[in-house]
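See below for the structure under consideration.
Here, each number is a calculation from the coordinates, and none is a lab measurement. Small disclaimer: the values here were computed from a predicted structure and weren't measured. Reconstructed Cβ throughout: ideal geometry from the backbone, glycine too, with neighbour counts over all protein chains shown.
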Amino acid sequence: MQTRSSRRHPPKQSRFPWIRWVLVIIGILAFSGGAYALRLYSQTKYALDSTYSGLKNQAVATTISDKKPFAALLLGVDTGALGRSYKGNSDTMIVAVVNPQKKTTTMVSIPRDTVAQLIGTESFNMQKINAAYNVGGSDMAIDTVSKLVDVPIKYYMTINMGALENVVDAVGGIDVNVPFSYTDSHSHNWHFTKGPMHLNGAKALAYARMRHEDPQGDYGRQQRQQQVIKAILKKAISLNGLTKFNQLLKTVSNNIQTNLTFNDMTTIFTNYRAATGTIKTDTLQGQSAKIYSNLYGDYLDYQVPSNDELQRVSDKLRAALGLDSTTVANQSTKENDANTSFSWHTTADQTYTIYNPDY
């Protein structure tokens, strides 16, 4: 059930805030004056145009140009740092819904180890959801997440983990409040002390990626990533002048792919700014389970969301989009129904069986 590419490169993670980065970049431009502003406009458009990559399975979306609520999938890929140049897995997956009428942004994290059917493979393939990007790129990642939570997703932004380190350094480092003291055995044995700390790019990346020393594991890591996101935004907005503007542009253009056009981004700035004032965050919660892999002849660790949890997240995202609720019915709900002895209310070790899709 695991692909060889995902086995060779075990999942890592990062998490990145595309919405406000767009606003920061264009906001700096908007408040610049004269010929310098015109030059910056040209630089911005050139840099952001280079990030565009359309979806194979979808026509160019007009939702943003029509000023309607939209959903986007944010993908943080585990490449671009630590010597990694392979395609990688999308270890950060966030469904972001921006609603200009309600003036809200809703962000729901999809844990990387969530079991899901990969949509678009030649044969039945159900495995960790972060492998969708590795197997079929952004198209498969969007289709897989959309099917899992029954939410229409028309936009995406993929950013590699190297961008986090570069952006933090570009803004002069960030200040965070470390929740507990620990030594990161996977990053030069750096020690992080509980309380306020100033981090450079390398340490911010390590802080955002650590999970082995976190008692909450991947869920604790997601909370720290949210903290890093907010710290970057605070620092970027407070930059004096435009001295680091070109460095930020280079980071953006070299580390991002998206099907948002430059016109989409300017429309977001013009008509969606109020939606960033209220940001609601949530996470799809799963039950820990071991699932047997025929490919590797061993049990692998997964997160399995219950039908009720899938329905809860679907209802929340659809409501944020202004859509009616629908009953989630997909391969995950079928597998859950088939695993009649599986408990959703225990911390004990359990196994979970993937059945034939036509059972």
Per-residue ³J(HN,Hα) for the stretch 177-186, Karplus 6.51 cos²θ - 1.76 cosθ + 1.60, θ = phi - 60°, Hz, x for Gly and Pro: 10, 5, x, 7, 7, 6, 10, 7, 5, 9
The base-10 log of I(q)/I(0) that the Debye equation returns for the stretch 66-223 at q = 0.09, 0.12 Å⁻¹, one scatterer per C-alpha, is -0.34, -0.61
Compute the Kirkwood hydrodynamic radius of the stretch 257-347, taking the inverse of the mean of 1/r over all pairs of distinct Cα atoms, and give it in Å to one decimal. 16.7 Å
Report ³J(HN,Hα) in whole Hz for each residue of the stretch 261-266, in order, from the Karplus equation J = 6.51 cos²θ - 1.76 cosθ + 1.60 where θ = phi - 60°; Gly and Pro get x. 7, 4, 5, 4, 5, 5
Distance between modelled label sites at D49 and D324, nm, 7 Å Cα→Cβ extension: 4.4 nm
Defining a contact as two alpha carbons under 8 Å apart and six or more residues distant in sequence, what relative contact order in percent does the stretch 109-173 show? 23 percent
Once label points are set 7 Å from the Cα along Cα→Cβ at both Q350 and H212, what is their separation, rounded to one decimal in nm? 2.9 nm
Pairwise label distance in nanometres, K280 with D175, each label 7 Å out on the Cα-Cβ vector: 3.1 nm
